[in-house]
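So the structure is just underneath, and the comments pick up after that.
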Amino acid sequence: MKVTVKLFAHLRSIAGTDQLRVDLVEGATVAELLDHLSKTIDSPALTDNSASVMVDQKNAERETILKDGDEVLLLPIIGGG
C-alpha cells in the first residue's frame, strides 16, 4: 500500500522535501511508518515522540493502522513557556 507523508518545519529540512510517497505492507501502523522514515532519512526525530501525527486530518496514535491512500502529516511539537 502507499501513503503520502507531509512534513513540516525542521522535519521538512531534515528530509529535504515537504512530501514523500511511502510503500508499506498492508496493516502497517504509524509506528512502523515512523521507523521506516527514520531509517530512510536518517533522523531519530521521527521516532522519539517529538512529532505529532495526523492521519487524514485526525490526530493519530503510534498504534493507528494505516490504509492505502492515507495522508499522514508530521508536525513538530513546539514547546513554549
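Can you run down the residue pairs with Cβ atoms below 7 Å, 6 or more apart or on separate chains, where the first is in the stretch 1-30 and surrounded by fewer than 12 Cβ atoms within 10 Å (Cβ to Cβ) and the partner is acidic (D, E)?
Taking only residues 6 or more apart or on different chains, the pairs are K2/D23; K2/D68.
What are the pairs, 6+ residues apart or on separate chains, where a residue within the stretch 48-73 that is among the small types (G, A, S) has its Cβ under 7 Å from a residue that is in a loop (DSSP other than H, G, I, E, B)?
So the pair list comes out as S50/I77; A51/I77; S52/I77.
Might you check whether a residue that is part of a loop (DSSP other than H, G, I, E, B), in contact with a Pro (Cβ under 8 Å, 6 or more places away or on another chain) and at positive phi occurs anywhere in the stretch 15-22? Please lay out each step first, then the result.
First pass over the stretch 15-22, keeping only residues part of a loop (DSSP other than H, G, I, E, B): 16-18.
Now restrict to residues that are in contact with a Pro (Cβ under 8 Å, 6 or more places away or on another chain): none.
Within the stretch 15-22 (the criterion being part of a loop (DSSP other than H, G, I, E, B), in contact with a Pro (Cβ under 8 Å, 6 or more places away or on another chain) and at positive phi), the answer is no, since none of the residues qualifies.
Taken together, the values in this text are just the output of simple stated rules run on the coordinates, not laboratory data. Computed from a predicted structure; not experimentally measured. Every residue, glycine as well, gets a Cβ built from its backbone with ideal geometry; the counts of neighbours run over all protein chains shown.
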